Amino acid sequence: MATAERRFDVLRAIVSDYVATREPVGSNALAKRHDLGVSPATIRNDMAALEQAGLIYQPHTSAGRIPTVAGYRVFVDSLTQIKPMSGPEKRAVESFLAGAVDVEDVVERTVRLLAQLTRQVAIVQYPHYDSATLVRVELVDLGPDRTLVVVIMNDGTIEQRVISDFGATSAEIDAVRDQINEVCHGQDLRDLPSLLSPLSVLGGPTEKQFRAAVCQTVVDLTNRTGEERILVAGMANLARSDVDFTRSIVPVLDALEEQVTLLRLFSEVPQGNVTVSIGEENAHVGLAETAVVAGAYGSQGTNAHLAVVGPMRMDYQKAMTAVRAVGVYLTHFLHSNN
């Protein structure tokens, strides 16, 4: 085995052991736990070379070595292929997410699942359609003076609101529903105000009030101006990793509460890829001691992302596998619900 290849194996073993134990790794431990094919003395020489290269360091005298940011980067860059989930893991993911009834539900399930799978902080962005359209509107008569307005969009989102029907009859309620669907089905959400305006002024005084209320409600429920919604889960996982940070975790928590920061994490993640940023590669100073594994998902014009955030002492292979697999499932969900 060439020297460079052997030294990389030593680095990989150090990263693996440090992630698993949180303890600095020594040459004797490496020789016992890994089949490196060389003596502890040779491993010590390789560790000295890795330290000189800035890939590992000794936190204090007589201790073993731990990876540096550069060491983690070399390790991550060597993961040319993301390990697929096992059959049982894949079935567990599918089972957990399969019961989702709409986009809201699947995003809430996903962020909890990612936090559980990786034991890190999970972040999932709601899908944002470049050209979202209306699928249909349902009006449900709830009894005296109350009607439920249900709006269904092509990304699987379902919004609803109860309004007054101003004494409209069942026939009038059905007529308003049918006319709205005839005019607005498949139309861009941004065009709904102009399309609904003529419908809102038809009929007698009572029906006109009801029409105006329904049309305004549909516009309100489909208004996505400036919408960028994100869910975060697993903060308790970060708290349990407190010892992995040389400084307080408060800056990390503060950064994760800023939606602008979270959106910036996603700004350069290409569709279908999984990216890893480590330490000061993260632009926000509060994330300078963290690693971020991010991916993108979507279908037919969507633009959405997901990520896990945790200490640099992270199981990168596991995190990358989870982000990729869950992103693929979300893409399939959106495609099948369009």
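Open to solvent by 30 Å² or more (accessible area, probe 1.4 Å), outside any helix (DSSP H, G or I) and of a type outside the set (A, V, I, L, M, F, W, C): does that describe residue 160? For residue 160, the condition - open to solvent by 30 Å² or more (accessible area, probe 1.4 Å), outside any helix (DSSP H, G or I) and of a type outside the set (A, V, I, L, M, F, W, C) - is met. Taking the listed residues 262, 231, the one that is assigned to a helix (DSSP H, G or I), among the aliphatic types (A, V, I, L, M), under 21 Å from the mean Cα position of the chain (by Cα) and more than 25 Å from residue 164 (Cα to Cα) is 262, with no other qualifying.
Mind listing whichever residues of the range 54-63 are closer than 17 Å to residue 313 by Cβ, open to solvent by less than 50 Å² (accessible area, probe 1.4 Å) and in contact with a helix residue (DSSP H, G or I) (Cβ under 7 Å, 6 or more places away or on another chain)? Scanning the range 54-63 gives 55, 56. Taken as a whole, the range 135-152 holds at least one residue that is polar (S, T, N, Q) and farther than 30 Å from residue 322 by Cβ.
Identify the residue in the range 83-110 that is among the hydrophobic types (A, V, I, L, M, F, W, C) and not in a loop (DSSP other than H, G, I, E, B) and, among all such residues, is nearest to residue 159 (Cα to Cα). Selected residue: 103. Restricting the range 143-161 to residues that are among the hydrophobic types (A, V, I, L, M, F, W, C) and modelled with pLDDT of 90 or more, the residue that is farthest from the chain's Cα centre (by Cα) is 148.
The residue pairs whose first member lies in the range 308-327 and is in contact (Cβ under 8 Å) with a residue 60 or more places away in the chain and within 10 Å of residue 82 (Cβ to Cβ), whose second member is among the charged types (D, E, K, R) and assigned to a loop (DSSP other than H, G, I, E, B), and whose beta carbons are closer than 7 Å, counting only pairs six or more residues apart or on different chains, are 317/83; 321/83. Only one entry in 188, 145, 155 is within 15 Å of residue 214 (Cβ to Cβ), in contact (Cβ under 8 Å) with a residue 12 or more places away in the chain and charged (D, E, K, R), namely 145. Flag: residue 191 does not match the condition of being exposed (fewer than 14 other Cβ atoms within 10 Å of the Cβ) and farther than 17 Å from residue 133 by Cα.
So, residue 130, is that one closer than 28 Å to residue 309 by Cβ, among the charged types (D, E, K, R) and either in contact with a strand residue (DSSP E or B) (Cβ under 8 Å, 6 or more places away or on another chain) or at pLDDT 85 or above (or both) or not? Against the criterion (closer than 28 Å to residue 309 by Cβ, among the charged types (D, E, K, R) and either in contact with a strand residue (DSSP E or B) (Cβ under 8 Å, 6 or more places away or on another chain) or at pLDDT 85 or above (or both)), residue 130 qualifies.
Within the range 239-254, residues that are in a helix (DSSP H, G or I) sit with their Cβ atoms under 9 Å from residues that are at pLDDT 90 or above and open to solvent by 80 Å² or more (accessible area, probe 1.4 Å), at 6+ positions apart or across chains, in these pairs: 240/119.
Is the range 75-82 home to any residue that is open to solvent by less than 30 Å² (accessible area, probe 1.4 Å), among the aliphatic types (A, V, I, L, M) and closer than 26 Å to residue 304 by Cβ? Yes, the range 75-82 has at least one match. Close contacts from the range 284-299, counting a first residue that is closer than 20 Å to residue 115 by Cα and open to solvent by less than 10 Å² (accessible area, probe 1.4 Å) and a second that is assigned to a loop (DSSP other than H, G, I, E, B) and modelled with pLDDT of 90 or more, with Cβ to Cβ under 8 Å and a gap of 6+ residues or different chains, come to 290/312; 291/312; 291/314; 293/314.
Got at least one residue in the range 166-186 being within 23 Å of residue 229 (Cβ to Cβ) and modelled with pLDDT of 85 or more? Within the range 166-186, none of the residues are within 23 Å of residue 229 (Cβ to Cβ) and modelled with pLDDT of 85 or more. In the range 83-96, the residue that is most open to solvent (accessible area, probe 1.4 Å) out of those that are aliphatic (A, V, I, L, M) and modelled with pLDDT of 80 or more is 92. Taking the range 59-88 as the range and being of a type in the set (S, T, N, Q) and under 35 Å from the mean Cα position of the chain (by Cα) as the test, the residues that pass are 68, 78, 80, 81, 86. For the range 167-188, state whether one or more residues are crowded, with 17+ Cβ neighbours inside 10 Å, in a loop (DSSP other than H, G, I, E, B) and not β-branched (Val, Ile, Thr). Scanning the range 167-188 turns up at least one residue that is crowded, with 17+ Cβ neighbours inside 10 Å, in a loop (DSSP other than H, G, I, E, B) and not β-branched (Val, Ile, Thr). A single member of 35, 46 is of a type in the set (Asp, Glu) and without any contact (Cβ under 8 Å) to a residue 12 or more places away in the chain, and it is 35.
The values are calculated or read from the model by the stated rules, or taken from the named source; none is laboratory data. Everything numeric in this text was worked out from a predicted model, so none of it was measured. Counting neighbours? That spans all protein chains shown, and the Cβs are built from the backbone with ideal geometry, glycine included. Heads up: the accessible areas ignore ligands, DNA and RNA and are worked out on the full protein's heavy atoms, side chains in. Shrake-Rupley method; radii C 1.70, N 1.55, O 1.52, S 1.80 Å.
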